[in-house]
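The next block holds one structure in the form of structure tokens; read it before the comments.
The values are calculated or read from the model by the stated rules, or taken from the named source; none is laboratory data. If you're wondering where the values come from, they're calculated on a predicted model, not measured in any experiment. With ideal geometry, Cβ positions are generated from the backbone for all residues, glycine too; neighbour counts draw on all protein chains shown.
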Amino acid sequence: MLNTVQYPAFAILADRVAYGLLLFLSLAVSMSCLPLMEVKQVAGMSLPGLWHKLIVAVFISLLLLSLIGEKPVLPPFFKTIAWLFALLLLVWLAIGAFFPAKDFGDEVRTVFISLSAVWLGWRMKLDECRLKLLVGVFSAGMVTVGLLVVFTQGSGFSITEYFADRKNSLGPMLATAAVLCMGMVVDAKGKRALPVVLWGLALSALSVLLILTIRARAALLAVAMVLSLMLFRRFKSRYTVLSVWAAILMLVAVFMLMPHSVKQYVHQSLFMGFTMGDISSGRMDRNYQAMSIWAQNPLLGQLVNAKEIDVVHNYPLWQLFRFGLLGAFPLLLVYVLLIVKDIKELLALRAVSVMTVGYYALLIGFVVSFFEYAFPFGPGTSVVLSFIFFGVALKSSSKTESLSTEKLSMDNNNGI
């Protein structure tokens, strides 16, 4: 491993190349949602396949470049995750030896990619300026892709009864972009604050409008919850209860003053084509069916006596249904530990900043995971930016904690 003191020029070059690749990765991930990724062929190979290989190559290159510099140190939280991942691999080998469950390997791979993205965010040298540019590039890419989708697969900004299946990954990615932009907005300061605020608000608003248009209702719920939490944490006063009621009254007032066309747009996005008794599109019935079948064999689930049903749109239940308690335990343990860590760090935050907005961005995937089966660790690389920003937030919090501890130690030494 190269030493940054002995090879400063090489380390600086590696850092710049890594940042450039990270910017490219943010664009590549957003472009994977383009409609042309479904139909085009290049050199006898599907364009999605080629594009996926390119994303994987860039991601692996970033991981290798992240090893250059100071000696890699695992974050304290990662030591627990490392043991859990070892448990995951053991369970995978055991299941592969006794049961024909190839899908379990896919689940392990998505978890590994997500945790690798956290490591990448922890290791990369990203200051506020770099992060704001990264947020801007990713969000602008997502909004551009969203606009292309609604104008090529839909009829522009009008609600249609059915939209492309790609909305299940596009919606949460747009929600992540909206949250990242809002984090940049509330953290804006200095002489250049106004352009940042206007740019961030525009991208965030467009992201939410596109979510409404493609009717990604799980993503809409996630972004509404996370943005509300972020704004409350940013603007709350000492009078917490009063702040909550003021926020509720303000939202009600804004909704009441909205033009009828806007209200109708939101209503159609949420309810067009659904009866009030089946707004879940049959997903709740499948969930109940999956719980009933899983209860017949809770330890091994569908590893034995498999019964075919449609995909269960709930990540924890989907894993329990397929692999039972024994197989799903390590997957769900990583799931629970990540969300607990995320919430714990959120509660400890004193202010919302672009350096720690990754805590809020990661919540999007966990909220959506209650309504989709692939999130929060997939599908594919659609969540990689969320986990990278989570790693950045962990590093930022660690530095803040170290500085606070050092200051307290100095104060004590000085007799304060």
Just name the residue that is surrounded by the fewest Cβ atoms within 10 Å (Cβ to Cβ) out of those in region 47-96 that are of a type in the set (V, I, T) and outside any loop (DSSP other than H, G, I, E, B). I60
Tally, over region 336-376, of residues that are among the hydrophobic types (A, V, I, L, M, F, W, C) and in contact with a His (Cβ under 7 Å, 6 or more places away or on another chain): 1
Could you tell me which numbered condition A28 fails, if it satisfies all but one of (1) surrounded by fewer than 16 Cβ atoms within 10 Å (Cβ to Cβ); (2) at pLDDT 90 or above? (1)
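Answer yes or no: is there a residue in region 293-308 that is closer than 24 Å to S169 by Cα, surrounded by fewer than 20 Cβ atoms within 10 Å (Cβ to Cβ) and modelled with pLDDT under 90.
From region 293-308, those closer than 24 Å to S169 by Cα are none; that's our starting set.
Within region 293-308 (the criterion being closer than 24 Å to S169 by Cα, surrounded by fewer than 20 Cβ atoms within 10 Å (Cβ to Cβ) and modelled with pLDDT under 90), the answer is no, since none of the residues qualifies.
Name the single residue that is modelled with the lowest pLDDT among those in region 356-406 being acidic (D, E) and part of a helix (DSSP H, G or I).
Pass one, region 356-406, residues acidic (D, E): 372, 401, 406.
Now drop any that are not part of a helix (DSSP H, G or I), which leaves 401, 406.
Details: E401: 56, E406: 44.
Filtering region 356-406 for residues that are acidic (D, E) and part of a helix (DSSP H, G or I), the one modelled with the lowest pLDDT comes out as E406.
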Looking at (1) within 24 Å of V383 (Cα to Cα); (2) at pLDDT below 85, can you tell me which one H313 breaks? (2)
Filter region 316-355 down to the residues that are among the basic types (K, R) and modelled with pLDDT of 90 or more and list them by number. K341, K344
